[in-house]
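Bear in mind these aren't lab numbers, they're just calculated from the coordinates by the rules spelled out. Computed from a prediction, not measured in an experiment: that's the story for all the values here. When we count neighbours, we look across all protein chains shown, and the Cβ atoms used for this are built from the backbone with ideal geometry, even at glycine.
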Amino acid sequence: MDKVVASGAIDPGSSPGRGTMEKPIVFRNKRKKQLMGILHIPKGKGKFPLVVMCHGFGGTKTQLKFVRLARFLEKNKIASFRFDFEGCGDSEGKFETITVKRQISDFSAAIEKILRQKIIDKSKIAFVGHSLGAVVIVSFLTQTKFSAKTSVFWAPALNQKELLTIWSTKEQLREWKKKGYITILDDKIGSQYLKENEDKDYSLVLFQIKAPILTISGKKDETTPVRFSKELAKKYKNVKLKVYPEAEHEFEDYYVQQKLIRDTARWLKKHLEK
């Protein structure tokens, strides 16, 4: 049985476990921008499995779901690394310049940096990605043939071509191209993101990934509707789907987040112990 240690409720203000360590990691991407991350190291000696986390579009490494998952994994003897992409959170750069290609490059730099840590078991690596973070992970895995044990996708935004028509009207898309940017929640997004993704469905390359994938989506998610995840699970045998009836895109509800973290941790522990 894949037993996951349950050590109390997962609380927003919970501190690291006694004897564990949260180590700031500073590294640079190919564009020489300084990126910031946090490595969670469990208590004990030896080498630990590693989970690398990717936040979504406009997200950060400090979102509660990532912090809570990282601290929960610590207690299950699994190290984790959460970081900010260029232009996000504590990392250098402008959010306006975001593209999937650049984030894949950032992710590659994060992997290269963190695998230098002596406490990491390089044969036991897994990934967790939320929304656009899933796009980055899928692209990285298929482009590099990196051997990850498993991945967990929260509300994956893989079918960018179709999702862009949900997020914006035809008029907004035309204006985006014409002006060179669009403003969403006070953030400017450059037209390079639109040009890169208006014809992209990143789920089409999933057949290249043989490792098991857990997808968790919310029935109330209006950003990446659950039907997209259902299509993935139906099409690919290695994709397992969990649908939370009460969850929306960010999984912000406290009880939803507890469930999200426990299901994710249980899946990761099961596959990293093989």
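The table that follows gives values for the structure above.
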read-out	value
Note, ³J(HN,Hα) from phi for segment 42-51, Karplus 6.51, -1.76, 1.60, rounded to Hz, x at Gly and Pro	x, 6, x, 10, x, 9, 10, x, 10, 10
Phi-based couplings in Hz for segment 158-164 (Karplus 6.51, -1.76, 1.60; Gly and Pro marked x)	6, 7, 4, 3, 7, 5, 4
Highest to lowest packing among 81-92, 24-35, scored as the average C-beta count within 10 Å	81-92, 24-35
Relative contact order computed over the chain (Cα-Cα under 8 Å; 6+ residues apart), in percent	18
Cα coordinate range in the chain, projected on the principal axes (Å, largest first)	56, 41, 37
By average C-beta atoms within 10 angstrom, highest first, the peptides 243-256, 65-78, 164-177	65-78, 243-256, 164-177
Long-range Cα-Cα pairs in segment 160-200 (distance over 16 Å), rounded percent	26
Other-chain or far-sequence residues with amide H under 5 Å of Thr215's (modelled H)	Phe153, Lys240, Leu241, Lys242
Amide hydrogen neighbours beyond the local backbone of Ile25, cut-off 5 Å, H modeled	Gly37, Ile38, Leu39
³J(HN,Hα) computed for each position of segment 175-183 - Karplus, 6.51 cos²θ - 1.76 cosθ + 1.60, integer Hz, glycine/proline x	5, 4, 5, 5, 7, x, 6, 9, 10
Gain on full stretching of the segment that runs from Lys122 to Arg31 - 0.36 nm per residue minus C-alpha separation	30.1 nm
Pairs beyond 28 Å (Cα-Cα), from Lys118/Lys240; Lys65/Lys274; Lys23/Lys149; Lys101/Lys122	Lys118/Lys240
Amide H contacts of Ile98 (H built 1.01 Å from N, under 5 Å, at least 5 apart or other chain)	Gly190
